[in-house]
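The values are calculated or read from the model by the stated rules, or taken from the named source; none is laboratory data. Computed from a predicted structure; not experimentally measured. Here Cβ is always computed from backbone atoms with ideal geometry, including for glycine, and neighbour counts include all displayed protein chains. Just so you know, the surface numbers come from the protein's heavy atoms only, side chains and all, with ligands and any DNA or RNA stripped out. Shrake-Rupley method; radii C 1.70, N 1.55, O 1.52, S 1.80 Å.
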Amino acid sequence: LIRHGQSEFNAAHSEGEPDPMIFDAPLTKKGRMQAEQVRGAVMELGIQKVITSPLTRAIQTAVTIFQDIAPIKVMAEHRELLSHSCDVGRSPSTLQMDFPNLHFEHLDEIWWHQGLMNKNGVPVEPRDVFQKRIRNFGLEINKMSEINLAIIGHGDVFRELAWVSMTNCEIREYESSG
């Protein structure tokens, strides 16, 4: 498991403060540097496939670390719990323009949670919906247990999936139950 590098949202927001309204937050310069530093560390892990969330900060982290090392697949199932502006995604066609070497055609036009909105107009994903989605994602990756896999994702996802809190660009080993 690898959490994405520092995003513009991470840099601008502290818990309890108002949402800075940075939609699909990209990496900061520090976040790009964190990912570049991790690139050397993953070389010895023998990663055969990378699965990344379609949120820009995760894709940027995956491409920085794994481009020319292992194939990268984008999957929406382990996107972040939608509770802030940074967790609202962008359309597959927009992502395709920014990341022309990856495939997005399998994603729905709106692949992030849709539902009741908070006072900022951001849809908020109910915790039970998120938990079910992450359980299903865990079942999917268990089916891939025969390959050495890297999953680029998000803090709430990894807390739910593996019961670990991770800092930006931290690497944690995860043994699937498959």
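Rounded to the nearest 10 degrees, the angle from helix 56-66 to the longest Cα principal axis of the chain is 10 degrees.
In summary, the aspartates and glutamates within cross-link reach of K119, defined as a Cα separation below 15 angstrom excluding same-chain residues under 8 places away, comprise E17, D19. Across H4, H106, the residue with the most accessible area heads the list, and the full order at a 1.4 Å probe is H106, H4.
Sparsely packed loop sites in region 88-178 (the trypsin sites (Lys or Arg not before Pro) outside DSSP H, G, I, E and B with at most 11 other Cβ atoms within 10 Å) comprise K119, K143. Structural descriptor for the chain: relative contact order 30 percent, calculated from alpha carbon pairs under 8 angstrom and at least 6 residues apart.
Taking GluC sites (Glu not before Pro) across region 3-67, the ones in a DSSP loop with at most 15 further Cβ atoms lying within 10 angstrom of their Cβ are E15. A crude spin-label estimate for the pair A12 and M117, with each label 7 Å from Cα along the Cβ direction, gives 1.8 nm. Straight-line reach from K132: taking Cα to Cα under 21 Å and skipping same-chain neighbours fewer than 8 places apart, the lysines in range are K143. Accessible surface calculations at 1.4 Å, restricted to protein heavy atoms, place the chain at 51 Å² per residue.
Across region 111-178, the relative contact order, built from alpha-carbon pairs under 8 Å that are at least six residues apart, equals 27 percent.
Taking all protein chains together, S85, S14 sort by accessible area into S14, S85, largest first [probe 1.4 Å]. If R0 is 22 Å, the Cβ-Cβ spacing of K29 and Q96 corresponds to a FRET efficiency of close to 0.35.
Between Rg and the Kirkwood Rh of the chain, both from Cα atoms, what is the Rg to Rh ratio?
Rounded to two decimals, Rg/Rh equals 0.93.
Report the local net charge at R135: Lys and Arg +1, Asp and Glu -1, summed over other residues whose C-beta lies under 11 Å from its C-beta.
The answer is -2.
Summing charges over all other residues whose Cβ lies under 13 Å from the Cβ of D108, with Lys and Arg as +1 and Asp and Glu as -1, gives -1.
Summarising the label geometry, the points placed 7 Å from Cα in the beta-carbon direction at E109 and Q48 lie 3.8 nm from one another. For the chain, a simple Cβ point-charge model (Lys and Arg +1, Asp and Glu -1, everything else neutral) yields a dipole of about 120 debye relative to the Cα centre. Ligands, DNA and RNA left out, the 1.4 Å accessible surface of the chain is 50% carbon and sulfur atoms. Here is how the number arises for the chain: DSSP H runs of 4 or more residues each give -39500 (n - 2.57), the sum is divided by the residue count, and the result at 222 nm is -10000 deg cm²/dmol.
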